[in-house]
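The values are calculated or read from the model by the stated rules, or taken from the named source; none is laboratory data. Here the structure is a predicted model, which means the values were calculated and not measured. Don't worry about glycine lacking a Cβ; one is built from the backbone with ideal geometry, like all the others, and counts go over all protein chains shown. Just the protein is used for accessible areas: all its heavy atoms, side chains included, with ligands, DNA and RNA removed. Shrake-Rupley method; radii C 1.70, N 1.55, O 1.52, S 1.80 Å.
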Amino acid sequence: MTAAGASWSPPVPVRRRAGRMDLLVRLVRRPEGAFGVLILTVFGLLAIAPELFVGPLQTAVTAPGTRLSPPSAAFPLGTDELRRDMLNLTVHGARVSMAIGLLATLVTVLIGATVGIVSGFVGGRTDAILMRITDFFLVIPTFVLALILTPIIRDLVGSASTEVLGIRMTLIVIVIVIGITSWSSTARIIRSQTLSLKERAFVDRARVIGAGSGHIMRRHILPNVINLIVANSVLVFAGAVLTETTLSFVGLGDPFQPSWGQLLEAARSVGAPGLGAWWYFLPPGVCIVLVVFAFTLVGGALDDLLNPKRRGRA
Amino acid sequence: MSGSYLARRFGSALFTIALIILINFVLFRALPGSPERVILRGTPNVTPAVLAAARERWGLNDPVFPDQFVAFVGATVSGDLGYSFIARGQTVSGVLAQRIWPTVILFGLGEFVAIVLGLALGAYSGWRRGGPIDVVGNGLSLILYSTPYFLLGMALLLVFATGLRWFPTFGMLTVGAVYPDIWARLADFGAHLVLPLATVGLGLVGQYAIVMRSSIVETLSEDYVTTARGMGLREGRILRHHALPNALLPTVSLVAINLGYVVAGAITVEIVFNWPGLGTLTVEALTARDYPVLQGVFLLLSVSVVLANLLADLIYGVLDPRVRT
């Protein structure tokens with residue numbers, strides 16, 4: 001651990017920001033990183049302000065087109081069975097899919113990082129129990145668990161039409177379910193890094209001057225695993241978008257706030273492939289593949305740049 | 001293989017299965033409304049007497065722990081998973097048994113095709129790193145890896161069934177068809193199988209190719225490969241006798257770990273093609289809120305994945321002496 005190790009140990013706050021910018025530059029210098037960042041920027045813009053590009057989300061009432069018409073000058077991506085413009089739906093779908101992906105990633109990483117840091121730092125019995133639970137979630141098919149958790153939690157929460165942060169309750173439940181079921185690999189990664197960090201001298205120093213465990217975990221361990229958390233979040237996001245898509249596709253989405261997965265479900269239930277209506281499922285489908293592909297590329301590149309274990313192997 | 005390695009593997013699989021059963025137990029009790037109301041859902045004219053009878057009949061007057069829990073575990077272990085809410089009078093095990101074979105056939109064959117193709121593609125592109133097959137194959141693998149199975153299925157369906165009319169669009173057999181002999185029936189089945197099978201195979205092949213490629217690249221940089229090169233062995237021989245057997249090792253556990261994701265794919269591919277397996281069953285149960293069936297599916301799929309992982313661990317133990325401690 002020479003030059004590479006130096007950038008890993010906690011730098012002073014002013015230099016840390018410089019380090020972040022430097023990281024972005026190094027990421028964009030890699031072709032796959034640049035490609036990924038470009039795609040994500042485009043979809044990020046669409047998600048932040050869909051109205052700016054295609055106007056408000058069309059409903060069955062405000063739909064302007066004719067039923068299931070193929071792409072034309074007026075509707076470059078065609079229309080759906082409710083006469084809505086597919087371009088409008090797809091752009092608005094970006095907001096729903098990306099928002100759920102982002103929130104689910106936050107929940108997932110919060111649980112995973114907490115479990116990982118506590119497990120690695122406290123050790124002993126706590127570690128053994130937490131890792132048993134982590135292994136359980138690693139081995140079982142978590143998607144099937146998500147499938148049964150979603151309707152049960154939805155029944156428990158009740159009123160589906162209430163909104164939190166402008167997101168309907170049905171989708172909030174999906175966020176929570178994805179969080180509960182997909183934190184295990186994050187916990188594993190953070191734990192192993194914590195295990196090596198807690199042997200370092202600065203942890204001993206903090207303890208000697210009387211810092212408690214909670215303080216050390218928050219102020220000394222967390223800043224040192226934050227890079228790893230960022231790299232992992234990007235991959236978690238890709239998984240979250242895929243999981244949300246799949247959950248929506250099996251009918252657990254919300255037709256009033258259609259994500260890309262929900263659009264695909266609608267396309268399937270109308271029988272779009274059988275009717276030859278390729279414009280119905282191609283736009284949301286291509287968007288999903290592009291976003292997941294971009295996040296996988298960026299995640300892989302970040303992992304190479306940040307993960308101390310993979311550094312230098314590329 | 002040492003006894004403690006075996007004991008630890010079996011112990012951890014048993015612990016996981018126990019947790020799965022516990023989750024099933026807790027989830028059913030977490031449902032809103034008391035259990036007897038859940039059971040009697042949809043039954044007309046429920047009087048207090050009927051409710052009391054149901055409580056008595058299903059043992060709901062006993063304490064939740066340990067009585068109800070022990071009864072639940074006992075029933076689960078003996079294969080009694082309760083009754084479907086929707087298919088009245090049918091046991092969950094019965095419903096699952098009707099639907100398991102289409103899934104096993106589709107995904108067994110799909111896994112097989114994907115493993116053979118994926119490992120071959122991965123090994124070749126890792127060996128000829130930077131060559132045309134590697135560049136194209138790697139890009140394709142990554143894109144396939146990012147594509148949800150069902151999307152691939154819908155695209156194949158559109159092109160080959162609706163567009164070219166080469167294959168039927170849905171189901172496992174033609175509805176209402178009368179077959180002169182077993183071969184005609186089998187041919188019809190085969191025609192229905194092609195597209196779902198291609199979907200599963202293509203969906204999985206990318207992951208296996210990616211892993212096999214990085215595994216072979218890593219193996220080729222090992223000292224024993226350099227030694228073999230130094231001894232003047234031909235490249236083909238080094239690949240087949242030195243690199244491949246070692247590079248295959250990590251893929252054994254990967255196939256098992258991947259099963260969890262395959263299961264998710266299984267559910268969606270079946271919906272696209274209306275394949276009458278566990279996937280379509282899951283969605284039917286989901287739409288109708290048929291919780292006993294959903295729990296049965298969860299139990300069956302999770303336990304299968306756990307057992308597959310156990311098997312992979314055991315195989316790994318046989319193949320690689322280093323882990324047997």
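Of all the criteria given as (1) modelled with pLDDT under 85; (2) surrounded by fewer than 15 Cβ atoms within 10 Å (Cβ to Cβ); (3) farther than 26 Å from B:GLY108 by Cβ, the one not satisfied by B:ASN246 is (2). Condition (residue is closer than 30 Å to B:ASP290 by Cβ and over 23 Å from the mean Cα position of the chain (by Cα)) applied to the range A:172-191: is it met by at least one residue? Within the range A:172-191 (the criterion being closer than 30 Å to B:ASP290 by Cβ and over 23 Å from the mean Cα position of the chain (by Cα)), the answer is no, since none of the residues qualifies. Scanning the range A:38-70 for residues that are among the hydrophobic types (A, V, I, L, M, F, W, C) and open to solvent by 40 Å² or more (accessible area, probe 1.4 Å) returns A:LEU38, A:VAL42, A:LEU45, A:ILE48, A:LEU52, A:PHE53, A:LEU57, A:ALA60, A:VAL61.
Residue count for the range A:270-302 satisfying the condition of being over 16 Å from the mean Cα position of the chain (by Cα), of a type in the set (A, V, I, L, M) and either more than 8 Å from chain B (Cβ to nearest Cβ) or surrounded by fewer than 24 Cβ atoms within 10 Å (Cβ to Cβ) (or both): 6.
If you check A:THR162 against the conditions, is it more than 9 Å from every other protein chain (Cβ to nearest Cβ) and surrounded by fewer than 20 Cβ atoms within 10 Å (Cβ to Cβ)? Considered against the rule, which asks whether it is more than 9 Å from every other protein chain (Cβ to nearest Cβ) and surrounded by fewer than 20 Cβ atoms within 10 Å (Cβ to Cβ), A:THR162 comes out as yes.
Give the residue that is farthest from A:ASP80 (Cα to Cα), with candidates limited to residues of the range A:225-253 that are away from chain B (no Cβ under 14 Å) and surrounded by 20 or more Cβ atoms within 10 Å (Cβ to Cβ).
Initially, the range A:225-253 is screened for residues away from chain B (no Cβ under 14 Å), giving A:225-233, A:236.
Within this subset, residues satisfying the condition of being surrounded by 20 or more Cβ atoms within 10 Å (Cβ to Cβ) are A:225, A:227-229, A:231-233, A:236.
Working: A:VAL225: 46, A:ASN227: 43, A:LEU228: 42, A:ILE229: 40, A:ALA231: 38, A:ASN232: 37, A:SER233: 34, A:VAL236: 31 Å.
Among those residues, the one meeting the criterion is A:VAL225.
Residue count for the range A:139-171 under the criterion of being under 21 Å from the mean Cα position of the chain (by Cα) and touching a residue at least 40 places away in the same chain (Cβ under 8 Å): the result is 9. B:PHE160 falls short on exactly one of the conditions (1) under 25 Å from B:GLY277 (Cβ atoms); (2) crowded, with 17+ Cβ neighbours inside 10 Å; (3) modelled with pLDDT of 80 or more, and that condition is (2).
Are any residues in the range B:165-184 open to solvent by 60 Å² or more (accessible area, probe 1.4 Å) and in a loop (DSSP other than H, G, I, E, B), and if so, which ones? Give the derivation first.
Filtering the range B:165-184 for residues open to solvent by 60 Å² or more (accessible area, probe 1.4 Å) gives B:165-166, B:170, B:174-176, B:178, B:180-183.
Once the filter is applied, which keeps residues that are open to solvent by 60 Å² or more (accessible area, probe 1.4 Å) and in a loop (DSSP other than H, G, I, E, B), the range B:165-184 yields B:ARG165, B:TRP166, B:PHE170, B:THR174, B:VAL175, B:GLY176, B:VAL178, B:PRO180, B:ASP181.
Inside the range A:139-153, residues that are assigned to a helix (DSSP H, G or I) and within 8 Å of another protein chain (Cβ to nearest Cβ) make up a count of 10.
The single residue among B:VAL283, B:VAL272 that is of a type in the set (A, V, I, L, M), closer than 30 Å to B:PHE160 by Cβ, in contact with a Phe, Trp or Tyr (Cβ under 9 Å, 6 or more places away or on another chain) and modelled with pLDDT of 85 or more turns out to be B:VAL272. Per the listing B:VAL217, B:VAL255, the residue uniquely assigned to a helix (DSSP H, G or I), β-branched (Val, Ile, Thr) and surrounded by fewer than 21 Cβ atoms within 10 Å (Cβ to Cβ) is B:VAL217.
Among the helices (runs of 4 or more DSSP H) confined wholly to the range B:21-112, which include 3 or more residues that are within 14 Å of chain A (Cβ to nearest Cβ)? Full working, then the answer.
Values: elements: B:35-39, B:48-57, B:69-77.
Correct list: B:35-39.
Condition check ((1) within 23 Å of A:THR142 (Cα to Cα); (2) among the hydroxyl-bearing types (Ser, Thr, Tyr)) across all residues:
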| site | (1), (2) |
| --- | --- |
| B:TYR5 | no, yes |
| B:LEU31 | yes, no |
| B:ARG57 | no, no |
| B:ASN61 | no, no |
| B:VAL73 | yes, no |
| B:ARG88 | no, no |
| B:THR103 | yes, yes |
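For the range B:220-228, state whether one or more residues are in contact (Cβ under 8 Å) with a residue 24 or more places away in the chain, in a helix (DSSP H, G or I) and more than 30 Å from B:PHE72 (Cα to Cα). There is at least one residue in the range B:220-228 that is in contact (Cβ under 8 Å) with a residue 24 or more places away in the chain, in a helix (DSSP H, G or I) and more than 30 Å from B:PHE72 (Cα to Cα).
Tallying residues that are more than 30 Å from A:LEU156 (Cα to Cα), of a type outside the set (Gly, Ala, Ser) and more than 10 Å from chain A (Cβ to nearest Cβ) within the range B:284-325 yields 14. For the range B:191-203, the criterion of being of a type in the set (Gly, Ala, Ser) and open to solvent by 50 Å² or more (accessible area, probe 1.4 Å) is satisfied by no residue at all.
A quick yes/no check of all residues on (1) among the β-branched types (Val, Ile, Thr); (2) away from chain A (no Cβ under 14 Å); (3) open to solvent by 10 Å² or more (accessible area, probe 1.4 Å):
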| residue | (1), (2), (3) |
| --- | --- |
| B:ALA209 | no, yes, no |
| B:SER221 | no, no, yes |
| B:TYR224 | no, yes, yes |
| B:GLY236 | no, yes, yes |
| B:HIS241 | no, yes, yes |
| B:PRO250 | no, yes, yes |
| B:GLU270 | no, no, no |
| B:THR282 | yes, no, no |
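Within the range A:71-99, being open to solvent by less than 10 Å² (accessible area, probe 1.4 Å), within 10 Å of A:LEU263 (Cβ to Cβ) and among the aliphatic types (A, V, I, L, M) holds for A:MET86, A:LEU89. Of the residues making up the range B:113-157, just one is in a loop (DSSP other than H, G, I, E, B), open to solvent by 60 Å² or more (accessible area, probe 1.4 Å) and in contact (Cβ under 8 Å) with a residue 24 or more places away in the chain, namely B:ARG129.
Regarding B:THR162, is this residue within 11 Å of chain A (Cβ to nearest Cβ), under 22 Å from A:SER269 (Cα atoms) and assigned to a helix (DSSP H, G or I)?
Numbers: within 11 Å of chain A (Cβ to nearest Cβ): yes; under 22 Å from A:SER269 (Cα atoms): yes; assigned to a helix (DSSP H, G or I): yes.
In short, yes.
Inclusion of A:THR150 among residues that are closer than 29 Å to B:TYR291 by Cα, touching a helix residue (DSSP H, G or I) at 6+ places or on another chain (Cβ under 8 Å) and hydroxyl-bearing (Ser, Thr, Tyr) is warranted.
Quick check, is B:VAL262 within 20 Å of B:ASP134 (Cα to Cα), of a type outside the set (Asp, Glu) and either within 11 Å of another protein chain (Cβ to nearest Cβ) or not in a helix (DSSP H, G or I) (or both)? No; evaluated as a whole, the condition is false for this residue. Among the criteria (1) loosely packed, with under 12 Cβ neighbours inside 10 Å; (2) outside the structural domain of B:VAL200 (by TED's automatic domain parsing), the one B:ILE23 does not fulfil is (1).
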